[in-house]
Amino acid sequence: MPAIGLGTWKSAPGEVYDAVKAAVKEGYRHIDCAFLYGNEAEIGRALQDLFAEGTVTREQMWITSKLWNDSHGEGHLQPAIEKTLSDLKLDWLDLYLIHWPVSLKAGTALPDSGEDILAPGEMPMTEVWGRMENLVDKGLTRHIGVSNFSAKKVGDIVKTARIKPEMNQVEMHPYLQQQALVNFCRENGVHVTAYSPLGSMDRPDFLKQEDEPILLEDPVIREIAQAHDAGPAQVLLAWAVQRGTSVIPKSVNPRRLAENLAAGQLTLSDAEMQSIAGLDRHRRYIVGDIWTQQGSPYTLATLWDE
Ligand code: A2P
């Protein structure tokens with residue numbers, strides 16, 4: 001899987017077709033998608049055109065998508081991946097992830113209240129995992145993994161899996177380094193992808209807190225960027241790659257798409273990596289409180305296991 005991929009969360013319909021085409025022409029070979037992002041059909045049109053024009057072949061691309069939380073139940077996974085495949089106009093995915101370790105009542109995009117959220121015992125993730133394994137058996141996806149899973153939740157799957165999870169995609173950047181989770185995943189053969197690596201400042205307001213620090217304006221990051229004649233985003237992405245994670249910055253702007261991919265060429269010194277290590281403050285931009293609203297069986301402590 002190419003270490004730097006294109007994130008598509010928040011890439012609006014009307015924008016994402018051009019973004020995917022520009023990205024692949026720039027050299028991106030990894031696109032990160034999800035049913036919930038609501039833009040897979042437009043991404044599919046871009047992929048179809050890129051294949052038809054001969055820019056790339058299907059085999060040269062790595063395409064990830066994610067199973068939404070309301071489709072965890074028996075009989076729901078295959079229709080969900082088939083919808084994604086039909087929207088993306090693909091015969092198979094390279095990687096399919098359980099988007100969150102939280103199950104919703106079928107037909108619920110986002111919970112109106114905590115009542116829409118199922119208790120873990122009602123939909124055990126180890127059983128959802130068995131249904132993910134069936135999708136590999138059927139050739140619908142080549143690899144499977146999880147997203148937003150704590151080390152404990154990854155460990156529960158690893159213990160019982162027939163096909164081990166190969167990926168945990170989580171929020172990760174210098175303000176949320178999660179070294180223990182990275183170590184646990186590495187010891188268990190699970191790769192890690194860092195999402196929101198630039199701080200996702202284009203999130204909708206309901207996902208924002210009042211006192212958020214702005215990662216791209218961090219003075220340490222800016223100083224390192226200046227020393228390399230690079231942009232702060234490039235330092236954040238080079239840090240992620242040098243830590244051994246893959247990373248999926250989102251952009252719909254051709255100049256920034258190119259800048260982000262070129263971050264793969266930037267090498268940070270040990271001293272610079274250490275200065276960035278010192279920025280950790282365990283600060284989530286994606287807090288997860290949508291899953292802990294009144295009436296939910298989850299608290300932030302049981303969601304993240306911390
Ligand atoms: P845009 O899509 O207009 O380029 P994240 O990947 O953490 O979710 O962050 C995405 C946000 O960062 C978007 O607002 C995106 O804007 C912006 N962004 C992407 N690349 C860069 C860059 N190289 N420099 C500054 N901002 C960037």
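At-a-glance table
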quantity: Estimated distance in nm for a label pair at LEU300 and GLU26, the labels positioned 7 Å out from Cα along Cα-to-Cβ; calculated: 3.3 nm
quantity: Loop-located GluC sites (Glu not before Pro) in the stretch 183-230, at most 15 other Cβ atoms within 10 Å (DSSP); calculated: GLU210
quantity: Solvent-accessible heavy-atom area per residue, rounded to whole Å², over the stretch 37-182 at 1.4 Å; calculated: 37 Å²
quantity: Hypothetical label at THR160: residues of the stretch 105-134 whose amide nitrogen lies under 18 Å (7 Å Cα-Cβ projection); calculated: 118-134
quantity: With all protein chains modelled, accessible area of MET273 [1.4 Å, Å²]; calculated: 40 Å²
quantity: Cβ-based net charge around ALA230, under 12 Å, with every Lys or Arg adding one and every Asp or Glu removing one; calculated: -3
quantity: Calculated SAXS-style log₁₀ I(q)/I(0) at q = 0.18 Å⁻¹ - the stretch 1-97, Debye, Cα scatterers; calculated: -0.76
quantity: Long-range amide H partners of ILE98 with built H, under 5 Å; calculated: LEU67, GLY145, VAL146, SER147
quantity: Separation of alpha-carbon centers, the stretch 234-288 and the stretch 14-51, rounded to whole Å; calculated: 22 Å
quantity: Fully extended contour minus Cα-Cα distance, from LYS10 to GLU82, at 0.36 nm per residue; calculated: 23.7 nm
quantity: Surface share of carbon and sulfur [accessible, 1.4 angstrom probe, percent] for the stretch 1-158; calculated: 49 percent
quantity: For the stretch 213-220, Karplus couplings with θ = phi - 60° (6.51, -1.76, 1.60), whole Hz, Gly/Pro x; calculated: x, 9, 4, 5, 9, 4, x, 5
quantity: Three-way shape label, the stretch 104-178, alpha-carbon gyration tensor, a/c 1.5; calculated: oblate
quantity: Reduced Cα scattering model of the stretch 116-255, Debye log10 I(q)/I(0), q = 0.14, 0.18 Å⁻¹; calculated: -0.79, -1.09
quantity: Under 14 Å, Cβ to Cβ, from SER86 - net charge with Lys/Arg +1 and Asp/Glu -1; calculated: -2
quantity: Relative contact order, percent, the chain [alpha-carbon distance under 8 Å, six or more residues apart]; calculated: 20 percent
quantity: Computed [θ] at 222 nm, helices only, for the chain once each DSSP H run of length n ≥ 4 contributes -39500 (n - 2.57); calculated: -10500 deg cm²/dmol
quantity: Theoretical gain in end-to-end length, VAL56 to ARG203 [0.36 nm per residue, Cα-Cα removed]; calculated: 49.8 nm
quantity: Long pairs among LYS21/LYS164; LYS138/LYS208; LYS138/LYS164, criterion Cα-Cα beyond 28 Å; calculated: LYS21/LYS164; LYS138/LYS208
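The values are calculated or read from the model by the stated rules, or taken from the named source; none is laboratory data. For clarity, every value in this text was computed on a predicted model and none was experimentally measured. Glycine also receives a Cβ, built like all others from the backbone with ideal geometry; neighbour counts cover every protein chain displayed. We work out accessible area using only protein heavy atoms, side chains counted, and drop any ligands, DNA or RNA first. Shrake-Rupley method; radii C 1.70, N 1.55, O 1.52, S 1.80 Å.
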